[in-house]
Every structure is written in C-alpha cells, then in structure tokens.
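Engineer: This is the structure I have questions about; it appears just below.
Please treat every number below as a calculation from the coordinates, not as lab data. Note that the structure is a prediction, hence the values are computed from the model and not measured. With ideal geometry, Cβ positions are generated from the backbone for all residues, glycine too; neighbour counts draw on all protein chains shown.
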Ligand SMILES: Nc1ncnc2c1ncn2[C@@H]1O[C@H](COP(=O)(O)OP(=O)(O)O)[C@@H](O)[C@H]1O
Ligand SMILES: [Mg+2]
C-alpha cells in the first residue's frame, strides 16, 4: 500500500500538483488517468523519489518515504520496480544483461541463480530465445515485455508503470495491460499505472484516480465509470462522438459496457 | 552557450563529488571500466596514428625550412621534433582531437541515457548514476589517454623521420643523432602530467554536459558541441598553467 498526504509540486511559478491525497492499494491495479500534461508522470516521479515534493508526504506501508535513512531507502529501492514510457532498456546491454542488471548490482546471487531467474522472468512475460539480442533488435511490444521482466526481477512489492501502452497497437497494448494485471494479482504487488488509454481503464481499472489540473477530481473503479456524472471523466473516457454514441445506446438498452 | 558560469561550476563540482562515491559493486564498475577503455583506446588509435605522423612530419619539414642556410646544424631537426612533440604537440593536439572524438561521444551517450530515462531507471533501482556512469569513464580515460599520447609522441618522431630522411634533408643517422641528443626525462614527466590533466578535463566536462542535458535532440546536439568547446578551451588554459608551473 502506498499513501500520499496533500502532495504539492511546483516548478518555479508553475504548480503542477495541488494537494494529492490518495491511497494506492496492494494487489490492485491502481490507475492514474488524465489528459496529456495533467501531471501523471510528475506524480509517479514523486512517488519513486526521482523528484522531491514541494510539500506533502508519501508513505510506503506507513513508512514515511521522506524520512528514510540511506540504508532503509536502499532496501526499499530493491522492492520497487518501474516500467518506463519508452522502456528505458540499456542499449549497450543485451536483453539478458538488462534483466540481470539489478541482480548484478545489488545481490550476491550466483551466476546460475541469476540465469535461472532471468529465464524465469522472460518466460513470465512470454518472451524466449531473445536473451542475446540487443534492445534495438526488438519490437516496441517486446521491449515493453523486457522492461517488465527487468522491473519484476527482484520480486518487487511496488510496481510503477508510466504509460505502458504508449506506442503500441491496441491489441498488443491489451496484452501488456493483462500481463501487468496478472503479475500484480499473483504477487500482491501495489501497482500504479499511468495511462491515458481508455481501453486499459475499462479492462484493468481496479481503482482509478482521475487527475485533472493537478487535482484528483474523481475516484472509483471501472464499473463506476459508466454511471459517473463527472464531466471531465466522461469527456476523458468517451472522448470521441463515436464512443459517446456507443455509451448512450448502451445505457438506453440497459446494458453495461 | 550558457554564461551562468558560477552556477554551472558549482553543479560540476557537486557532480564530480558524487562521481567519486563508493561503488555499489566493484565488479560492475570494473566491467564498465574495461568497456570504456576499449572504446576510448581502440576507437581512437587510428586517428591518433594519422595525426601524430603528420604532426611530426610537418614539424620536421618546417624546422628544416627555418634553419636551412643558417648556422644551426641540420641534425637539430631530430632534437626539435622530439622535444616539441613530447612537451607540447603530442599531449595537446591528441587531447584536443580526443575531446572532439571521445568527449562528444561521452556527452552524447550520457545525454541519450538521460533523455531516454535510462538514468532514471538506474536511480530507481538504487544505483548512484553519477558514480556508475562517470567514474569508469574517468578511470579508463586516465589510463588510456596517456598511453595514446605516448604512442602519439613516438609516432611523431617517426613522422619527422619519414618527412626529412627520404627527402634527403639529412641522413638517417643524423636524424637519430638529433633524436638522442640532450634528452631530459623531466619532459616526459611533463607530457604525462599534461595528458592526465587533459584526460580528466575532457572526460569530466563531457560527462557533465551529458548528465544535465535537457529534453530534445537539439539539446543533445548542443551538449555534445559544448562538451568539445568547453573541453578544448579548458585544455588550452590548463596547458598554459602547466607550462608556467612546470618549466
Ligand atoms: N522537470 C520539469 N520541469 C518543469 N516543468 C515540468 C517538469 N516535468 C514536468 N513539468 C511540467 O509538468 C506538467 C505535467 O507534466 P507530466 O507529468 O509529464 O504530464 P503527463 O500527465 O502527460 O505525464 C507539464 O506542464 C510539464 O511541462
Ligand atoms: Mg507522462
């Protein structure tokens, strides 16, 4: 579980986040949705400590993130995995070396154990036979899978995904979403996903936070979305006239989506 | 160019300070250092060979032209080529060229890692990126660049030979007589000091430019250019300072 208490973040004059108070539950897909530029990435970077909040606090299972000692922070870091928007695989390393990297850097595992774990993770994300390939030789969807494998290699308790679907076709995007969801539920991970993809919202949204102009203006799950009267939410999910028509027809016929 | 000098100088010092913190895993740093040594060394040998031979050749031909017909004996050519290259040309020109080749490359590599969030990814894992990305490059440069400079000095002397002996300015034995005359080993010490200082400058400045790059390919290009420009200026400045201090 991760909890924030009135988080503020400003860059100079511009305040991007205006007091975010939220609780992200364990074993659930916690989705942060919002238009491009609404501050999703900034929120994620605050949570993982890449940025410092201007004000407010972050708790990891009731441990105050801001007041951890160096040693505690290092321990917590090993429990955090992150999937980046562009996968952020290291170009100079093969797929295998990328996935091994956290183990090489922070554990005393033997070669054999590491190799076993690498193949385990690759199997989990349904990728095999690419151990010796370089990231540039893989498709976007495959790179995302390798990114996931690297993020979960140390069995994290917390997983962060920044726009896992960006740059993928809808079908591939969906399989990536499902993969993240399955891994989350299998290992009871606290997963926080940034997305502006309405497909992922409707398919995987256990707990959804709508970020609008730096505030959380709506909270709920995927079943609540349809019946919500929140205009920003409706605008966001049903962005095109086509989708709105679809929604209205569904409601008219008493169907759920 | 950014003239916010003091601010950037402070940031540079802080980055260098962070770059020298204790490695998480020595083995990983060792591996990375070897990779960098290979990149810097093997990647630069050809260009160093080419420029060195020409530097020596040009020095020899021009000195021959200057002393032709006056009282200075022709075999001095070997002596002059040896000392000017050891003291000045080999370390300075090699490092100016390496700033263009190795420095811009480092800035682009680290800058690209910043822009593509590789640095963020490492930070989240708990890696001290300032240290992991910069220290191996510095160590590799400090080990390899003096070797390249030494190779350069040797090849310059050979270049001088090739330029004046086959063209019959003077005989082979006269040239070698000059090369062996008045040898002061202190000059080699100066060459090594210079190459160490220049290697540190070009690596640290280039890493700094890359590490703090902003988003966008224009910024990446700028960082790469700035790496070369600032390295070159600082190398020449340091050259002057070392020359006054050590002579
Ligand atoms: N490092 C930064 N410095 C200044 N402004 C920033 C920085 N990072 C993000 N911003 C600003 O914060 C706002 C939100 O950005 P971001 O979180 O990336 O949006 P998104 O929801 O698309 O991920 C944008 O207006 C952006 O300009
Ligand atoms: Mg974003």
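Engineer: What distance in nm separates the two pseudo spin-label positions at residue A:35 and residue A:228, each 7 Å out from Cα along the beta-carbon direction?
Structural biologist: 1.6 nm
Engineer: Counting DSSP beta bridges in chain A, what percent are antiparallel, to the nearest 5?
Structural biologist: Roughly 55 percent of the DSSP beta bridges within chain A come out antiparallel.
Engineer: Shifting gears a bit: Which part of the stretch B:1-34 falls in the paramagnetic zone of residue A:75, meaning amide N under 20 Å from the point 7 Å along Cα-to-beta-carbon?
Structural biologist: Backbone N within reach: B:24-25.
Engineer: Just to be sure I follow: if Rg is taken over the C-alpha atoms of the protein assembly as shown and Rh is the Kirkwood radius over the same atoms, what is Rg/Rh?
Structural biologist: Rg/Rh for the protein assembly as shown comes to 1.13.
Engineer: Could you work out how much longer the chain between residue B:188 and residue B:8 gets when fully extended? Use 0.36 nm per residue separation minus the Cα distance between them, nm to one decimal.
Structural biologist: Gain on extension, residue B:188 to residue B:8, equals 61.4 nm.
Engineer: What is the fewest-to-most order of A:52, B:109, A:219 by other Cβ atoms lying within 10 Å of their Cβ?
Structural biologist: Ranking A:52, B:109, A:219 by Cβ neighbours within 10 Å, fewest first, gives A:52, A:219, B:109.
Engineer: What value does the stretch A:122-257 have for Rg/Rh, both radii from Cα atoms and Rh as Kirkwood defines it?
Structural biologist: For the stretch A:122-257, the value is 1.02.
Engineer: A follow-up question, please. Kirkwood hydrodynamic radius, computed over distinct alpha-carbon pairs, for the stretch B:1-88: how many Å, to one decimal?
Structural biologist: 17.8 Å
Engineer: Just need the relative contact order of chain B here, percent rounded to a whole number, with Cα pairs under 8 Å and 6+ apart.
Structural biologist: Rounded, it is 34 percent for chain B.
Engineer: FRET efficiency for residue A:68 and residue A:11, Cβ-Cβ distance as r, R0 = 22 Å, nearest 0.05?
Structural biologist: Values: r = 24 Å, r/R0 = 1.11.
With R0 = 22 Å, the Cβ-Cβ based efficiency is 0.35.
Engineer: Provide the FRET efficiency to the nearest 0.05 for the residue B:237-residue A:178 pair, computing r from the beta carbons and using R0 = 51 Å.
Structural biologist: Details: r = 59 Å, r/R0 = 1.16.
E(calc), rounded to 0.05, equals 0.30.
Engineer: Moving on to the next point. Which order results if A:207, A:227, B:38 are arranged by neighbouring Cβ count within 10 Å, fewest first?
Structural biologist: A:227, B:38, A:207
Engineer: How much of the DSSP bridge set in the protein assembly as shown is antiparallel, in percent, rounded to the nearest 5?
Structural biologist: If I count the DSSP bridges inside the protein assembly as shown, around 55 percent turn out antiparallel.
Engineer: Right, something else. Under 20 °C and 1.002 mPa s, how fast does the stretch B:145-209 diffuse according to Stokes-Einstein, given a Kirkwood radius computed over C-alpha pairs? Answer in µm²/s, whole number. It would help to have the intermediate numbers written out before the result.
Structural biologist: Numbers: Rh = 13.9 Å.
My calculation gives 155 µm²/s for D.
Engineer: Can you give me the Kirkwood hydrodynamic radius for the stretch A:110-165, using every pair of distinct Cα atoms, in Å to one decimal? Before the final figure, lay out the partial values.
Structural biologist: Details: mean 1/r = 0.0833 Å⁻¹.
Roughly 12.0 Å, rounded to one decimal.
Engineer: Expressed as an acute angle from 0 to 90° and rounded to the nearest 10, what is the orientation of the C-alpha long axis of helix B:129-164 relative to the principal long axis of chain B?
Structural biologist: Value to nearest ten degrees: 10.
Engineer: Taking the alpha-carbon centroid of each part, what is the distance from the stretch B:133-163 to the stretch A:13-35 in angstrom?
Structural biologist: With the stretch B:133-163 and the stretch A:13-35 each reduced to a Cα centre, they are spaced 53 Å.
Engineer: Taking the beta-carbon count within 10 Å as an exposure proxy, list B:161, B:211, B:186, A:8 from fewest neighbours to most.
Structural biologist: In increasing order of surrounding Cβ atoms, one gets B:186, A:8, B:161, B:211.
Engineer: How big is the Kirkwood radius of the stretch B:5-246, worked out from every pair of different alpha carbons and given in Å to one decimal?
Structural biologist: 19.2 Å
Engineer: In a Debye calculation with equal point scatterers on the alpha-carbon sites of the stretch B:37-169 and no solvent, what is log10 I(q)/I(0) at q = 0.16 Å⁻¹?
Structural biologist: The Debye formula, applied to the Cα set alone, gives -0.80.
Engineer: Going by Cα centres, the stretch A:41-108 and the stretch A:194-209 are how many Å apart?
Structural biologist: Using only Cα atoms, the two centres lie 23 Å from each other.
Engineer: Continuing with this model, one more query. How far is helix A:241-252 tilted, in degrees, relative to the longest principal axis of the Cα atoms in chain A, given as a value from 0 to 90 rounded to the nearest 10?
Structural biologist: The angle comes out near 70 degrees.
Engineer: What value in Å³ per residue do you get for the convex hull of the alpha-carbon atoms in the stretch A:1-129? Intermediate values should be presented prior to the final figure.
Structural biologist: Numbers: hull volume 20.2 nm³, N = 129.
Looking at the stretch A:1-129, the number lands at 157 Å³ per residue.
Engineer: Also, I was wondering about something else. Rounded to the nearest Å, what's the spacing between the alpha carbon centres of the stretch B:172-246 and the stretch A:212-244? Just the number, please.
Structural biologist: Rounded to whole Å, the Cα centres lie 59 Å apart.
Engineer: Note the angle between two axes, namely the Cα long axis of helix A:170-187 and the longest principal axis of the Cα atoms of chain A, as a number of degrees from 0 to 90, rounded to the nearest 10.
Structural biologist: 70 degrees
Engineer: Considering all alpha-carbon pairs of chain A, what whole percent are spaced by more than 34 angstrom?
Structural biologist: 20 percent
Engineer: Round to the nearest 0.05 the FRET efficiency obtained for residue A:240 and residue A:166 when R0 = 25 Å and r is the Cβ-Cβ distance. Walk me through the numbers on the way to the answer.
Structural biologist: Numbers: r = 19 Å, r/R0 = 0.74.
Between residue A:240 and residue A:166 the formula returns 0.85.
Engineer: Only Cα pairs under 8 Å and at least 6 apart count here; give the relative contact order of chain A as a rounded whole percent.
Structural biologist: 27 percent
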